[in-house]
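First up is the structure itself, then whatever we jot down about it.
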Amino acid sequence: MFSTSAVADTARKPVIDVRLIAPQQRHSLIFHRFEGLSTGEWFELHSDHEPLPLKQQFQSLWPNQFDWEVLEAGPVQWRVRITRRVDGKACCGCCGGGA
């Protein structure tokens, strides 16, 4: 399905490096990981391009249920922290999370 090295042990460093995953498997793996998160948990996404289409899908599937924090914005690598939002927490819009 996907390389086990692409997904780090969540106890140590929860990272999905999509550069190591076949393109047709990336989004389903990311969605599966997000659906498995408890409130307040997160994972870090590493990509070789800005993941705007992925963010739009998150907004459509899970409106107001996630925070999207850009940790590194290219030009070679993008790193984003995706967090399952605390129930009922409204984003203030300051970081662009979920918006």
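Brief remarks follow.
- Of the residues making up segment 20-57, those that are within 17 Å of Trp78 (Cα to Cα) and assigned to a helix (DSSP H, G or I) number 10.
- Members of segment 51-68 found to be under 11 Å from the mean Cα position of the chain (by Cα) and of a type in the set (Phe, Trp, Tyr), listed by number: Phe58, Phe66, Trp68
- Test: residue in segment 80-97 that is in contact with an Asp or Glu (Cβ under 9 Å, 6 or more places away or on another chain), more than 15 Å from Gly40 (Cβ to Cβ) and at pLDDT 95 or above: yes
- Subset of segment 1-19 (residues that are over 11 Å from the mean Cα position of the chain (by Cα) and at pLDDT 95 or above): Arg19
- Segment 13-61 - residue that is of a type in the set (Lys, Arg) and more than 15 Å from Arg81 (Cα to Cα) and, of those, surrounded by the fewest Cβ atoms within 10 Å (Cβ to Cβ): Arg19
- Cβ-Cβ under 7 Å pairs, at least 6 apart or on other chains, segment 19-43 side within 17 Å of Gln57 (Cα to Cα), far side surrounded by fewer than 12 Cβ atoms within 10 Å (Cβ to Cβ) and of a type in the set (A, V, I, L, M, F, W, C): Gln25/Met1
- Remark: Gln65 matches the filter, which requires a residue to be among the polar types (S, T, N, Q), modelled with pLDDT of 95 or more and buried (at least 16 other Cβ atoms within 10 Å of the Cβ).
- Single residue of Trp68, Trp62, Trp78 found to be in contact with a His (Cβ under 9 Å, 6 or more places away or on another chain) and either closer than 21 Å to Gln25 by Cβ or hydrophobic (A, V, I, L, M, F, W, C) (or both): Trp78
The values are calculated or read from the model by the stated rules, or taken from the named source; none is laboratory data. The structure presented is a predicted model; accordingly, all values stated were derived computationally and were not measured. Cβ atoms come from the backbone with ideal geometry, glycine included; neighbour counts cover every protein chain shown.
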